[in-house]
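Notes to accompany the following structure.
The values are calculated or read from the model by the stated rules, or taken from the named source; none is laboratory data. Since this is a predicted model, take the numbers as computed values, not measurements. Cβ: placed from backbone, ideal geometry, glycine included. Neighbour counts: every protein chain shown.
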Amino acid sequence: MDVKKRVLLSGIYGGVGLAMAVSAKFDWLSKGAAEAFLALVWLGFVLAISCTESWVKFRAPFLPRHLALDLGRTMF
């Protein structure tokens, strides 16, 4: 990923975090609701990366299956 995309994603994630902090600070959203929302977003990121990573790893055309299994064992 190039630098421009990283900066853009960092800005988006920072903006979401700032919006949640401001909404909790000014009682637009309770602190518990903001924490739950951010926890669910984080869980979604982790699950999406985990599921996508394993699917892509086993569909790679030039990666032998025994290496993919060893990689999975090492990561988890």
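Filtering the stretch 20-40 to residues that are modelled with pLDDT under 85, of a type outside the set (Asp, Glu) and either in contact with a Cys (Cβ under 7 Å, 6 or more places away or on another chain) or in a helix (DSSP H, G or I) (or both) leaves Met20, Ala21, Val22, Ser23, Ala24, Lys25, Lys31, Gly32, Ala33, Ala34, Phe37, Leu38.
Filter the stretch 1-19 for residues that are assigned to a helix (DSSP H, G or I) and of a type in the set (A, V, I, L, M); which is surrounded by the fewest Cβ atoms within 10 Å (Cβ to Cβ)?
If we take residues in the stretch 1-19 being assigned to a helix (DSSP H, G or I) and of a type in the set (A, V, I, L, M), then Val3 is surrounded by the fewest Cβ atoms within 10 Å (Cβ to Cβ).
Before we move on, is Lys31 of a type in the set (D, E, K, R) and out of contact with any helix residue (DSSP H, G or I) (no Cβ under 9 Å at 6 or more places or on another chain)? No; evaluated as a whole, the condition is false for this residue. Annotation for the stretch 43-63: at least one member residue is outside any helix (DSSP H, G or I) and loosely packed, with under 10 Cβ neighbours inside 10 Å.
So, in the stretch 66-75, of the ones that are of a type outside the set (Ser, Thr, Tyr) and loosely packed, with under 10 Cβ neighbours inside 10 Å, which residue ends up modelled with the lowest pLDDT? So the residue we want is Arg73. Can you spot a residue in the stretch 44-56 that is of a type in the set (S, T, N, Q) and free of Cβ contacts under 8 Å to residues at least 12 places away in the same chain? Yes.
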